[in-house]
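Data first, discussion second: the structure below is written as structure tokens.
The values are calculated or read from the model by the stated rules, or taken from the named source; none is laboratory data. Small disclaimer: the values here were computed from a predicted structure and weren't measured. Glycine also receives a Cβ, built like all others from the backbone with ideal geometry; neighbour counts cover every protein chain displayed. Only protein heavy atoms, including side chains, enter the accessible area calculation; ligands, DNA and RNA are left aside. Shrake-Rupley method; radii C 1.70, N 1.55, O 1.52, S 1.80 Å.
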Amino acid sequence: MGKIILTGDRPTGKLHVGHYVGSLRRRVELQNSGEYEKIFIMIADAQALTDNADNPEKVRQNVIEVALDYLACGLDPAKSTLLIQSQIPQLCELSFYYMNLVTVSRLQRNPTVKAEIQMRNFEASIPVGFFCYPISQAADITAFKATTVPVGEDQMPMIEQTKEIVHKFNSVYGETLVDPKILLPEQEACLRLPGIDGKAKMSKSLGNCIYLSEEPEDIKKKVMSMYTDPDHIRVQDPGKIEGNTVFTYLDAFSCPEHFERYLPEYANLDELKDHYRRGGLGDVKVKRFLNEVLQETLEPIRNRRKEFQKDIPYVYDVLKEGSRQAREVAEQTLQEVRDAMKINYFDDLDLIREQAEKYQA
Ligand code: ATP
Ligand code: MG
């Protein structure tokens, strides 16, 4: 069997540069590599509702925003299936069966969910659906028989949970589900890109983002306000690179050609970092360079987005057709799961005969 990708995003806002380096950029490369038999990209609206139940309009409005960002980045509906999670009811049924294979204490140990619960101030009022979303994610991944899941580092515990469910299911009911592999970004800086405040991961829910669709002036404003080394006060002071968000972004986005174009007095990022460490290099100069790099990266994405914005009905059609195809694939898997679990009463003629004989004897 060929390699299959499943990945996606929650429609809780427009996509940002953290999504881009953490997953989106890689998806487009994988899509164009031709190495994958099928690529499923999911807008996880049902998952977004687990912590936005009282604000369904936010989720509804952002479905199209995420789809536009996908198309703008180069995801191509002819090569990748773009789908909306809630339109695949088979995922709910799979989740329902998988719930029996996971303990409450196992869910409580998930470090990403723990951090998210804290961030959302849920305390004692955690919605059950939110608590269980790692299980529903296992349903998403296995429904499409994904072999490969390209995501950021925060998703590691989810893939671990999925693998445990797959192993448990296969050992109880027989070899049925495909064991997926996580595909993390190669560069350290892209695993979990920090927000412009430097504090936590860039996240739609935290408002510390540079969006893919951001206008040039706003990109510049955000870059110029970014967190650097608080002890690097005067230009001549030696500066720290570790935890310095501007350098983390340069790690994630810059390449030697950017230096040739915008900062030819340095051959590469290592030279720039050395100068910063030694002292004599001001934050403003580094930020101006980062601004050039981001402007160059985001301009074509923003322009393509504007083209797709002109034909919104087309974008909904793409999602409708992708969801239709996805339903077929998920239905096939669901049938296999039901067969394995022996909840296929009406298709199992042996069962009907055995029961009949029992009562005739
Ligand atoms: P929310 O705050 O609603 O959870 P989010 O910004 O965390 O939104 P998600 O939709 O949860 O975004 O994540 C989608 C994908 O993007 C996942 O693969 C995730 O690992 C990746 N991702 C999100 N934020 C970052 C980041 N700052 N750095 C690297 N990857 C990221
Ligand atoms: Mg998230």
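Give me the 1.4 Å probe accessible area per residue for the chain, excluding ligands and nucleic acids, in Å².
Numbers: 17620 Å² over 361 residues.
On a per-residue basis, the chain sits at 49 Å².
What pairs from K38/K181; K14/K287; K79/K221; K3/K201; K79/K199 go past 27 Å between their alpha carbons?
On the way: K38/K181 15 Å; K14/K287 24 Å; K79/K221 36 Å; K3/K201 30 Å; K79/K199 37 Å.
Long pairs (Cα-Cα over 27 Å): K79/K221; K3/K201; K79/K199.
Taking 0.36 nm per intervening residue step and subtracting the Cα-Cα distance, what contour gain separates H167 from F122 on full extension? Walk me through the numbers before you get to the answer.
Numbers: separation 45, 0.36 × 45 = 16.20 nm, distance 3.12 nm.
Value of the extension gain: 13.1 nm.
Would you list, by chain and number, the lysines whose Cα falls below 26 Å from the Cα of K358, excluding same-chain residues fewer than 8 positions away?
Reachable lysines: K342.
Would you grab the residues whose amide H sits under 5 Å from the one on G8? Only those 5+ places off in sequence or on another chain, please, with H modelled 1.01 Å from N.
Amide H neighbours of G8: M42.
Which sequence of L191, L263 reflects their accessible areas, 1.4 Å probe, from the largest down? Let's see the in-between values first.
On the way: L191 35, L263 10 Å².
Per-residue accessible area, sorted high to low, gives L191, L263.
Compute the separation of the alpha-carbon centres of segment 203-245 and segment 52-118 and state it in Å as a whole number.
So the two Cα centres are separated by 30 Å.
Using a Gaussian network model of the chain whose springs link C-alpha atoms within less than 10 Å, name the residue from T228, T297, T103 with the highest mean-square fluctuation.
Maximum among the listed residues: T103.
In the chain, what percent of the accessible surface is made up of carbon and sulfur (1.4 Å probe, ligands and nucleic acids excluded)? It would help to have the intermediate numbers written out before the result.
Working: 9150 of 17620 Å².
Reported share for carbon and sulfur atoms: 52 percent.
Under a crude label model (7 Å from the Cα following the beta-carbon direction), how far is R338 from N303 in nanometres?
About 5.1 nm, to one decimal.
Full-extension gain between Y359 and M224, please, as 0.36 nm times their residue separation minus the C-alpha to C-alpha distance. Numbers along the way, then the final one.
Details: separation 135, 0.36 × 135 = 48.60 nm, distance 8.07 nm.
Residue separation times 0.36 nm, minus the Cα-Cα distance, leaves 40.5 nm.
Can you give the extra length, in nm with one decimal, that the chain gains between E328 and Y345 once fully stretched, where that is 0.36 nm per residue apart less the Cα-Cα distance?
Details: separation 17, 0.36 × 17 = 6.12 nm, distance 2.15 nm.
Contour length minus the Cα-Cα distance gives 4.0 nm.
Name the GluC sites (Glu not before Pro) in segment 261-361 that are in a loop by DSSP and that have at most 15 other C-beta atoms within 10 Å, would you?
Details: sites: E265, E271, E292, E296, E307, E321, E328, E331, E336, E354, E357; in loops: E265.
Listed in order of number, the matching sites are E265.
Mind checking which helices in the chain clear 24 Å along their axis (Cα) and have mean Kyte-Doolittle hydropathy of 0.0 or more, DSSP H runs only? Each step should come with its number before you reach the end.
Values: long enough: 56-73 (26 Å, 0.11); 156-173 (25 Å, -0.30); 283-309 (37 Å, -1.09); 312-341 (42 Å, -0.63).
Result, helices passing both filters: 56-73.
Helix-only mean residue ellipticity at 222 nm, the chain, DSSP H runs n ≥ 4 weighted -39,500 (n - 2.57), per residue, nearest 500. What is it?
Details: 17 runs with 196 residues, N = 361.
Theoretical 222 nm ellipticity from helices: -16500 deg cm²/dmol.
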